[in-house]
Amino acid sequence: EIIMTQSPATLSLSPGESATLSCTASQSLGTNLAWYQQRPGQAPRLLIYVASTRATGIPLRFSGSGSGTEFTLTITSLQSEDFAVYYCLQYARSWTFGQGTKVEMK
Amino acid sequence: QVHLVESGGGVVQPGGSLRLSCAASGFTFSHYGLHWVRQAPGSGLEWVTFIRYDGSSQYYADSVKGRFTVSRDDSKTTVYLQMTSLRSDDTAVYYCVKGKDYGDHFDHWGQGTLVTVSP
């Protein structure tokens, strides 16, 4: 089983700042990694797939990078609607989520 | 526009059974695999099961293997999750999620249905 570890657990930032979220896999994934955003009371939505491809309708301030075992989601100039929980998902072998990173307003 | 609507959630006693349904629209149902993903209260996301586009293969998380069964009816564009021998740690919101095939990410999510396992 592939274990996904996200860090930090919580990120406290102000609107306009940038957020850097990390996701580490216990085995190499190639680029078989996606990122999802979940706002309170809502279902998750796809942000990024194949490590760095933005999904349809996702703003340019969201970007993904990485390959192998180390991946990063960057959100530049945080907007109020970006304060949420973010999950990474590996789909190289079966499917496994990270435990999530909460981006909260400072 | 992709639309996934789950139903069938509710309160069930430990050891009981429940069947969830997910009605899909807005895409060619028979071309896509479908997942169930769950989220316990206050917790993260857990992948539960996947059924391939043609129903030929199903995959399960170890936590539900032997207790849950996923199936699909292309004539009704609906996917089902039959849950048996339910335990308290199965309590969660269950999401129906559109995928593609094994080795692909998920794209569209339903709004979820809550299953509560309690005496």
A:TYR49, sole failed condition from (1) in contact with a His (Cβ under 6 Å, 6 or more places away or on another chain); (2) at pLDDT below 95: (2)
Given (1) at pLDDT 95 or above; (2) among the basic types (Lys, Arg); (3) more than 12 Å from the chain's Cα centre (by Cα); (4) closer than 22 Å to A:PHE97 by Cα, number of the condition B:ARG38 does not satisfy: (3)
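Please determine, by comparing only the residues of region A:70-106 that are β-branched (Val, Ile, Thr) and in contact (Cβ under 8 Å) with a residue 60 or more places away in the chain, which one is farthest from the other protein chains (Cβ to nearest Cβ). First the steps, then the outcome.
Keep residues of region A:70-106 that are β-branched (Val, Ile, Thr), which gives A:72, A:74-76, A:85, A:96, A:101, A:103.
Within this subset, residues satisfying the condition of being in contact (Cβ under 8 Å) with a residue 60 or more places away in the chain are A:96, A:101, A:103.
Working: A:THR96: 7, A:THR101: 10, A:VAL103: 15 Å.
Once the filter is applied, the top-ranked residue is A:VAL103.
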Region B:109-119, subset assigned to a loop (DSSP other than H, G, I, E, B) and either in contact with a helix residue (DSSP H, G or I) (Cβ under 6 Å, 6 or more places away or on another chain) or surrounded by fewer than 20 Cβ atoms within 10 Å (Cβ to Cβ) (or both), residue nearest to the other protein chains (Cβ to nearest Cβ): B:GLN111
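The values are calculated or read from the model by the stated rules, or taken from the named source; none is laboratory data. Values in this document were obtained by computation on a predicted structure and should not be read as measured data. Cβ: placed from backbone, ideal geometry, glycine included. Neighbour counts: every protein chain shown.
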